[in-house]
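Here the structure is laid out as structure tokens; the discussion comes afterwards.
What follows is calculated from the coordinates using simple rules that are stated; it is not laboratory data. The structure presented is a predicted model; accordingly, all values stated were derived computationally and were not measured. Don't worry about glycine lacking a Cβ; one is built from the backbone with ideal geometry, like all the others, and counts go over all protein chains shown.
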Amino acid sequence: MRIGVFVCRCGTNIAGTVDTEAVARQALSYPDVVYATDYMYTCSEPGQKEIQAAIKTHGLQGIVVAACSPRMHEATFRRAVEKAGLNRYMFEQANIREHCSWVSNDKKANTIKAADTVRMAVEKLRVNEPLFSSRVPINKRVLVIGGGVAGIQAALDCADGGLDVVMVERESTIGGKMAKLDKTFPTIDCSSCILGPKMVDVAQNEKIKLYAYSEIEAVSGYIGNFTVQIRKKATYVDWNLCTGCGVCTEKCPSKKSYDKFNEGLATTTAINIPFPQAIPKKAVIDPKACLYLTKGKCRLCEKVCQVKAIRFDMKDEIITEEVGAIITATGYDLFDASVYGEYGGGRYPDVISAMQYERILSAAGPTGGHIRRPSDGKEPKDIVFISCVGSRDPSVCRPYCSAVCCMYIAKQATMTRDHLPDCNCYVSYMDIRAPGKNYDEFVRRAQEEYGVQYFRGRVGKVYPKGDKLIVQGADTMLGAQIEIEADLVVLATGIESAVGAEELAEKLRISYDQYGFFMESHPKLRPVETNTAGVFLAGVCQGPKDIPASVGQGSAAASKVQMLFSRDTIETDPQVAMVNELMCVGCGKCIDVCPFGAIQWKTLRDGSRKAQVLESVCQGCGLCNATCPPKAIQLRHCKDDQVLAAVNALYA
Amino acid sequence: MKKYLMENLQQNSTEEQKIRIIGFLCNWCSYGGADTAGVCRFKQPTDLRIIRIPCTGRMDPMFAIKALINGADGVLVSGCHPNDCHYSVGNFYARRRMEALKRFLPFVGIDTQRFHYTWVSASEGQVWQQVVTEFTEKIHQLGPNPGFHINPDIQQPLSLAL
Ligand SMILES: Cc1cc2nc3c(=O)[nH]c(=O)nc-3n(C[C@H](O)[C@H](O)[C@H](O)COP(=O)(O)OP(=O)(O)OC[C@H]3O[C@@H](n4cnc5c(N)ncnc54)[C@H](O)[C@@H]3O)c2cc1C
Ligand code: SF4
Ligand code: SF4
């Protein structure tokens, strides 16, 4: 084989701490290497041209590029060598940046390490063989998980582009957190006026099939051809019949259920429609609160329902859907304020979360939009907002910024001053984070026009005194202790990953960070892709962000799906397992371990049983390869001899 | 033009500098974690050479044994945390195999301390830095691989098995 080696300088990123010239010179002494050079930016257009020219002039049959991580540019270089007529698998990338030049300043040691790494790549390349992919058809349907604003945007964009969409939402209505908000920063426009029509569009769009009150049970398959099992949870109401008239909810005698939509500020009935604009507007019975389902007596709703929709014997149902791509938009949940005992969240009725305050401000909320405090329904005269409750605090494992609290506090305080001009609003903040279009101006307006009083510092303690709450803290700018007698304290509880995010990620085989937010494939360049082909992200499930950013990601994910579906077939990855039938002893161990059911039996003419890999199902994990006793099954491009070639390169 | 060739570089190295540790990292988590460490410029010792495998489930114990027999001073295997495997269960199989391997190594005369396996996710750059630093320190304490002095009784069957 005639091998060419290109050692990238990557500006000074590599050349600063690796002698790339020496590495290239050293490479010339490796077997089969007939050409080696170092180059400034190998991934650039001229860099790729240089490789292609060298392939032609020197008759190269294999290329090693020593540069950044293959997770960064392997695809780029494979394409480049392919254009020059080589098979894309006759290429190896040696990582001498992330794993070498960037992690040590010892130039000599780095240079030796880089040369070793190149040698390993050369030895591997020497036993590589060309691989060819085949094509499989794409199922042009998309699954959207989560019906918050991000998921809604993604679903509508896909449907408008002509795709069939399956949307799965675990609550009985779509809308997510935005449906609970009253107004939205920085324009103070009415949340339900902008979200409501979009929710209706989802319901009316023939391309969108909505499974509300449902969750993902299992996911199998691969890009272009996923099979998804959806658990439709028992609602005890036949939604085909239910008209959402709400008579049942008026008559239900069990009135003490926790009202999730109103963040527990009110109670609700056992049979319930969360809010008047719910989509779908259908009733659901909470089996834990229903008198009939718990105590065996009542059935009042059954009597009053005009359309006879009540079904007490309903069971969960599992439905299978086939899709070609998946967008996850499962949003977030909120930090539990009671973790900070000193603020009295969860203990004092007038210490509430910002989301609860959002419900109090809402005209459709439990107080009809009149600002009243929960304990005695009185109008507050002094309100203290405390920021960063469960954000930017490593002591509660929440070192990150929730990204929206500074802004919604400014919004809530502004609106409070609007509703109740005599009410004093105080904001305790750590830093004000308002980096968006018109955001800083918005916070300034709250301070300057609306007279919201900001003080920088930490609140140490909140405790009741009479019917007041004493808020004690420090103003670190004035260097003074402060004490405010407040009627209401609003805690800006931080954003957390959605309950169940980890389990969902495991089903989708995507990664998540230590806080449960899903990991994008690249933090800058692939922000809505995951490392699992065909699975995309949108909204807060990826990390805290506001509505504009969530909507932006929803559209971005949708356009990625459109791009994927603009072709009719997809190239399969040829890096799959392959059985040498002469060696296979028919033990079936590979069939047992394969997580994807990609191996099946095949009977030869002589009656013997051999393993056979279904190439389009195999994901290329190599589990079978490591398991097979006679090593009859080998993972292409990562076969035993290929791995050992790299190992031996170091020690031979 | 610089006048030295790598051979000279390596000749000038002390025994200590010739330590070679080989790392088998799964593509999805630990390789990404090592990349993250690089992107964040978390400084590490330079003795590690990394081989990328799709999953720790691909990790054949034979790779580690061959490396150690042939003179590797240490072998490090790292993959996704349990339950985070990109292929859902690959790392569970890996864990069982790596445990078995650890128990097997003394039988062929290899110090178990020269082998280590762990879990590092793609976001855990700092954890990766720590893993590399600690393992490298340990190998430096143990010194270079003394070479493989195998009991002649098992030499024959072993060479067949490998
Ligand atoms: C108090 C407060 C005020 C705010 N005010 C503003 C504001 O004024 N302006 C602004 O821009 N932003 C504001 N935000 C931020 C805003 O709420 C978010 O940016 C936005 O709601 C994110 O939308 P999303 O679709 O990503 O997530 P979500 O709204 O959380 O939607 C996620 C959806 O997925 C569903 N789901 C979750 N898990 C699953 C699962 N496993 N299976 C199926 N479905 C699932 C959920 O039920 C939910 O319907 C505020 C946030 C808070 C806390
Ligand atoms: S490599 Fe083997 S175990 Fe893994 S998916 Fe393919 S056939 Fe199954
Ligand atoms: S494990 Fe190996 S020998 Fe056994 S059936 Fe599978 S391929 Fe054949």
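Tabulated results
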| item | result |
| --- | --- |
| Gained length - A:TYR41 relative to A:ARG456, 0.36 nm times residue gap less alpha-carbon distance | 144.7 nm |
| Ranked A:ILE591, A:ILE63, A:ILE230, criterion: other C-beta atoms within 10 Å, fewest first | A:ILE591, A:ILE230, A:ILE63 |
| Within straight-line cross-link reach of A:LYS461, aspartates and glutamates at Cα separation under 19 Å, skipping those fewer than 8 residues along the same chain | A:ASP336, A:GLU342, A:ASP350, A:ASP382, A:ASP393, A:ASP475, A:GLU483, A:GLU485, A:ASP487 |
| For the stretch A:22-79, alpha-carbon Rg over 2.2 N^0.38 Å | 1.10 |
| Simple label model, 7 Å out from Cα along Cβ direction - A:SER338 to A:GLU502, nm | 2.1 |
| Under Karplus coefficients 6.51, -1.76 and 1.60, residue-wise ³J(HN,Hα) of the stretch B:68-80 in Hz, glycine/proline x | 5, 5, 7, x, 4, 8, x, 10, 10, 10, 9, x, 6 |
| Net length gained if the chain between A:ILE188 and A:THR603 were fully extended (0.36 nm per residue, minus Cα distance) | 142.5 nm |
| Low-density loop cleavage sites - trypsin sites (Lys or Arg not before Pro) in the stretch A:470-548, where at most 15 other Cβ are within 10 Å (DSSP) | A:LYS524 |
| Cut-off under 5 Å, modelled amide H: who pairs with A:THR328 long-range | A:ILE145, A:PHE536, A:LEU537, A:ALA538 |
| Fewest-first sequence of B:GLU137, A:GLU169, A:GLU321 by Cβ atoms within 10 Å of each Cβ | B:GLU137, A:GLU321, A:GLU169 |
| Global form of the stretch A:286-381, assessed from the alpha-carbon gyration tensor, a/c cut-off 1.5 | oblate |
| Per-residue mean of C-beta atoms belonging to partner chains within 10 Å, peptide A:621-631 | 6 |
| Simple spin-label estimate for A:TYR463 and A:VAL307 in nanometres, 7 Å along Cα-Cβ | 5.6 |
| Shielding by other protein chains, B:80-88, mean Cβ within 10 Å | 5 |
| Around B:THR133: net Lys/Arg minus Asp/Glu count, Cβ-Cβ under 11 Å | -1 |
| Residue-wise HN-Hα coupling along the stretch B:32-47, computed from phi with Karplus coefficients 6.51, -1.76, 1.60 (Hz; x: Gly, Pro) | x, x, 5, 4, 4, 4, x, 4, 7, 6, 6, 5, 9, x, 9, 7 |
| Neighbourhood net charge (14 Å Cβ-Cβ; Lys/Arg +1, Asp/Glu -1) for A:ASP160 | -2 |
| Low-density loop positions, GluC sites (Glu not before Pro), the stretch A:568-652 - DSSP coil, at most 15 other Cβ in 10 Å | A:GLU581 |
| Contour excess over end-to-end distance, with Cα ends at A:GLU129 and A:ASP475 and 0.36 nm allotted per residue | 117.7 nm |
| Inter-chain Cβ neighbour average for residues B:32-40, partner chain, 10 Å | 6 |
| Sorted by Cβ neighbour density within 10 Å, fewest at the top, the residues A:LYS83, A:LYS465 | A:LYS465, A:LYS83 |
| Directionally averaged projected area (convex hull, Cα atoms, the stretch A:84-191), nm² | 14.8 |
| Shape call, the stretch B:33-100: gyration tensor on alpha carbons, a/c limit 1.5 | oblate |
| Helix-only [θ]222 nm of chain A, DSSP H runs n ≥ 4, -39500 (n - 2.57) each, per residue, nearest 500 | -8000 deg cm²/dmol |
| Other-chain or far-sequence residues with amide H under 5 Å of A:ASP382's (modelled H) | A:ASN424, A:ASP487, A:LEU488 |
| Fraction of antiparallel bridges per DSSP, chain A only, in percent to nearest 5 | 50 |
| Approximate spin-label separation A:LEU420-A:LYS589, in nm, with each point projected 7 Å along Cα-to-Cβ | 7.2 |
| Under-5 Å amide H pairs with A:ARG458, H placed in peptide plane, nonlocal only | A:ALA474, A:THR476 |
| Estimated FRET transfer efficiency when R0 is 45 angstrom, pair A:THR294-A:ASP568 (beta carbons, to 0.05) | 0.25 |
| Cβ-derived FRET efficiency at R0 30 Å, B:GLU137 paired with A:ASP431, nearest 0.05 | 0.15 |
| Sparsely packed trypsin sites (Lys or Arg not before Pro) within the stretch A:558-629, loop by DSSP, other Cβ within 10 Å at most 11 | A:ARG605 |
| Cα shape, the stretch A:236-297, gyration tensor, a/c 1.5 rule | oblate |
| Top positive-direction residue, dipole computed over the protein assembly as shown with Cβ charges, set A:ALA66, A:LEU488, A:ALA218 | A:ALA218 |
| Cα-based convex hull, the protein assembly as shown, per residue volume (Å³, whole number) | 212 |
| Residues in the stretch A:43-76 that a label on A:LEU525 would reach, taking backbone N under 17 Å of a point 7 Å out along Cα→Cβ | A:43-49, A:65-76 |
| Value of Rg to Rh for the stretch A:562-642 (Rh from inverse mean 1/r over Cα pairs, i.e. Kirkwood) | 1.06 |
| Local electrostatic count at B:TRP119 - Lys and Arg +1, Asp and Glu -1, tallied over other residues with Cβ under 11 Å | -1 |
